């Protein structure tokens, strides 16, 4: 059996889980390849028996994952499993992603998610889920990878009762309202994203192009394209990753980042805490730092003021 594990990752959480899944898959499959979603074409899928698709959770699915299943040609029953990493509110992801993968012609054979640290300009540093994914998470991902290969083989052999039902959308009301309100925001809640061409060192640096979840950035064309508006970005997905990873300060927020994070200083997140308390009771969440250690007084960009605010982990060459 040949397996292709496709991932999108920004801070490195999902990439770490993807490679752990691949490690486990290799115990039961003849070939396992791992690729960033930017390097995957639909023609490539034809070469594999089983696909894994993973990303961080952005309310529901990131735009590039959405494009993957919306634009996919009929997959004629090809087996796929889904995985994700997330902070405190993961419940919208699988009820959105899995039915859409099925609609694209995939046979969805499983799904799993793991907690991961959250890196956003105004979020606490350290965050509630700091330390994840850890060794235990990676061991679970490894076991999941092997399980998916074995399940796919058994389904192919005729055990179709192993195909799981589509997930129920059981998001609690407060969480649903919070996510819907975020998606209904006009413009980017973190601020309008502006690029200063004088400070930009393209083509020496292509980090913003390589990591934009919306593929809004293309500095290789003329005129150059930056953001949802062509010369700036004001998308309501609440992404400011290009700002976070720019090494020269060429990308900034309006209003200024420090104006943006002022309202967050010292503010606890009761909804997040309630959700995590329940997840801990249900055995889904392992608390690696106590709530009193969460950095409510130090939003991420205040804790990491130097440029870049976040250093993108290097990818393995084969990805």
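Key figures
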| read-out | value |
| --- | --- |
| Qualifying position, being in a helix (DSSP H, G or I) and not assigned by TED's automatic domain parsing to the domain that holds residue 208, among 297, 292 | 292 |
| Members of the stretch 36-51 that are within 27 Å of residue 245 (Cα to Cα) and buried (at least 16 other Cβ atoms within 10 Å of the Cβ) | 36, 37, 40 |
| Some residue of the stretch 178-190 being surrounded by 13 or more Cβ atoms within 10 Å (Cβ to Cβ), in contact with a helix residue (DSSP H, G or I) (Cβ under 9 Å, 6 or more places away or on another chain), on the phi > 0 side of the Ramachandran plot and modelled with pLDDT under 90 | no |
| Residue in the stretch 148-167 that is part of a loop (DSSP other than H, G, I, E, B), closer than 19 Å to residue 284 by Cβ and in contact (Cβ under 8 Å) with a residue 40 or more places away in the chain present | yes |
| Test result for residue 17, surrounded by 22 or more Cβ atoms within 10 Å (Cβ to Cβ), farther than 18 Å from residue 143 by Cβ and at pLDDT 95 or above | no |
| Pairs with Cβ under 7 Å, 6+ apart, first in the stretch 295-307 and without any contact (Cβ under 8 Å) to a residue 60 or more places away in the chain, second part of a loop (DSSP other than H, G, I, E, B) and surrounded by fewer than 20 Cβ atoms within 10 Å (Cβ to Cβ) | 297/265; 297/266 |
| Residue 63 being touching a strand residue (DSSP E or B) at 6+ places or on another chain (Cβ under 6 Å), in the same structural domain as residue 104 (by TED's automatic domain parsing) and under 24 Å from residue 310 (Cβ atoms) | no |
| Matching option when the condition is under 24 Å from the mean Cα position of the chain (by Cα) and modelled with pLDDT under 95, among 227, 283, 295 | 227 |
| Residues of the stretch 207-227 satisfying the condition of being surrounded by 13 or more Cβ atoms within 10 Å (Cβ to Cβ) and in a loop (DSSP other than H, G, I, E, B) | 212, 213, 214, 216, 217, 219, 224, 227 |
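For every residue, the table says whether it meets (1) closer than 27 Å to residue 30 by Cα; (2) surrounded by 20 or more Cβ atoms within 10 Å (Cβ to Cβ).
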| position | (1), (2) |
| --- | --- |
| 104 | yes, no |
| 123 | no, yes |
| 126 | no, no |
| 141 | yes, yes |
| 149 | yes, yes |
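The values are calculated or read from the model by the stated rules, or taken from the named source; none is laboratory data. On a predicted model such as this, the values are computed, not experimentally measured, just so you know. With ideal geometry, Cβ positions are generated from the backbone for all residues, glycine too; neighbour counts draw on all protein chains shown.
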